[in-house]
Amino acid sequence: MNCDSTSVAKSEDEPPNPAIEPGGIVSVEKISDISKLDEIELKNIFEKYPVRITNYYFSLIKEKDDGVYKQCIPSVEEISDRFGEEDPLNEEPEHQVRQGVPSLLTHRYPDRVLFRISNSCAMYCRFCTRKRKVGDANKNPTWKEIVKALMYIQEHVEIRDVILSGGDPLMLPDRTLDKILAAVYSIISKRENGIIRIGTRIPVVLPQRITKELCDILKKYHPIYINTHFNHPNEITAESKRACGMLADSGIPVGNQTVLLRGVNDNPETMKKLMQKLVSIRVRPYYIYQCDPVKGANHFRTKVEKGLEIYKSLRGHTSGLCVPHFVIDAPGGGGKIPLLPEYVTEINNDKVVMKNYEGKEFEYVQAD
Ligand code: SF4
């Protein structure tokens, strides 16, 4: 291979990457106490889906069934769900559009790939789209698989944007992360407009993981972007503010992807507060996702109209900086499709008739 991943390749026979231990994990007894699930229900959930909550995140619960509680405490609806799909976004290798894509990659759009370098998370979110596979130690990537993915990126010169994902990439130890980033960077930095992105929920669930040492590693590989995942205003604390501030101070633009979740953030007031708080901690709202029809998480889904109502309540009612795109990740691997309320009421060769956020009509004259 013609990239610095030769140093990675030498380690090919090493055992799978150990993820960091988040430390301070809520005990099963505590989860059982708060959830009121009986022993059999809990056992069935634990057998099917991973459960892990950091003490930090648990401490953000203000009352039973609030927006933080629902994201982390398992519910019986996960195992009674008969409607969802295991892999609604067709991410598994057998669902890939292109042939020969290594198992750690999803190559859906020509110029970018999703690279799943970790299968662990600090917390296992109850609504997770990848709940079929995260947390399973047998599915942790090996060096061999990582090298295979790097070789694919090296060979596919059209790829200029690599999104490190998981699980959570920041669950890897600093040294491992540094090694993988160096290998990706050695390929991508030679490509026109090459960038690296990291998708992580660490600033939300374990902000203490954002250290000076980690930031010093990340900033070696600019341009590097981070997308994090706040879903509720109560997740924005002094600690998460400090973590996001450190990333921003390292020159890393931090964006946020929110999932629209029933009982968590499916009302305009909560969402507006969340978006405004995000901007105040230097995090740019990027997407609001319609919740995927994932098996075990269907109880979190809302009607699409709810998302449009929320979008309408933001646009014009708060600054544009606080208004993300509302998208559906199309089932079957169709990619993200933006949805907008109907603002254009008429369009012809002469004019466009539009409604503003107050419902007032305006006309715009077309060019000749
Ligand atoms: S951190 Fe992300 S990948 Fe991990 S469980 Fe939560 S939503 Fe899923």
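Of the residues making up the stretch 284-316, those that are open to solvent by 10 Å² or more (accessible area, probe 1.4 Å), β-branched (Val, Ile, Thr) and assigned to a helix (DSSP H, G or I) number 1. Of the helices (runs of 4 or more DSSP H) lying entirely inside the stretch 1-90, those carrying at least 1 residues that are open to solvent by less than 80 Å² (accessible area, probe 1.4 Å) and modelled with pLDDT of 90 or more are 28-35, 39-48, 55-58, 67-72, 77-80. Test Leu172 against the stated conditions and say whether it is within 16 Å of the ligand (Cβ to nearest atom) and under 29 Å from Tyr109 (Cβ atoms). Yes: the conditions hold for Leu172. Answer yes if at least one residue in the stretch 267-274 is within 23 Å of His317 (Cα to Cα) and among the polar types (S, T, N, Q), and no otherwise. So far as the stretch 267-274 goes, yes, one or more of its residues are within 23 Å of His317 (Cα to Cα) and among the polar types (S, T, N, Q). Scanning the stretch 155-175 finds no residues that are crowded, with 19+ Cβ neighbours inside 10 Å, farther than 30 Å from Val264 by Cα, in contact with a Leu (Cβ under 6 Å, 6 or more places away or on another chain) and modelled with pLDDT of 95 or more. Within the stretch 178-206, the residues that satisfy the criterion of being surrounded by fewer than 23 Cβ atoms within 10 Å (Cβ to Cβ) and within 16 Å of the ligand (Cβ to nearest atom) are Arg197, Gly199. Among the criteria (1) open to solvent by 70 Å² or more (accessible area, probe 1.4 Å); (2) more than 16 Å from the chain's Cα centre (by Cα), the one Asn267 does not fulfil is (1). Here Thr211 does not fit the description of being within 12 Å of the ligand (Cβ to nearest atom) and hydroxyl-bearing (Ser, Thr, Tyr). What single numbered condition from (1) at pLDDT 95 or above; (2) near the ligand (Cβ under 10 Å from one of its atoms); (3) touching a Ser or Thr at 6+ places or on another chain (Cβ under 7 Å) fails to hold for Leu150? The single condition Leu150 does not satisfy is (2). Beta carbons closer than 6 Å, at least 6 apart along the sequence or on distinct chains, pair a first residue in the stretch 116-135 that is on the phi > 0 side of the Ramachandran plot with a second that is assigned to a loop (DSSP other than H, G, I, E, B) and more than 7 Å from the ligand (Cβ to nearest atom) for Gly135/Pro50.
Between Ile210, Ile202, the distinction of being under 13 Å from the mean Cα position of the chain (by Cα) and of a type in the set (A, V, I, L, M) belongs to Ile202 only.
Looking only at residues of the stretch 278-300 that are among the charged types (D, E, K, R) and modelled with pLDDT under 95, we find that the one that is farthest from Leu247 (Cα to Cα) is Lys295.
The values are calculated or read from the model by the stated rules, or taken from the named source; none is laboratory data. As the structure is a prediction and not an experimental result, all values here were calculated from the model. Here the Cβ is made from the backbone with ideal geometry for all residues, glycine too, and neighbour counts use every protein chain on show. Ligands, DNA and RNA are excluded from the accessible area calculation, which covers all protein heavy atoms including side chains. Shrake-Rupley method; radii C 1.70, N 1.55, O 1.52, S 1.80 Å.
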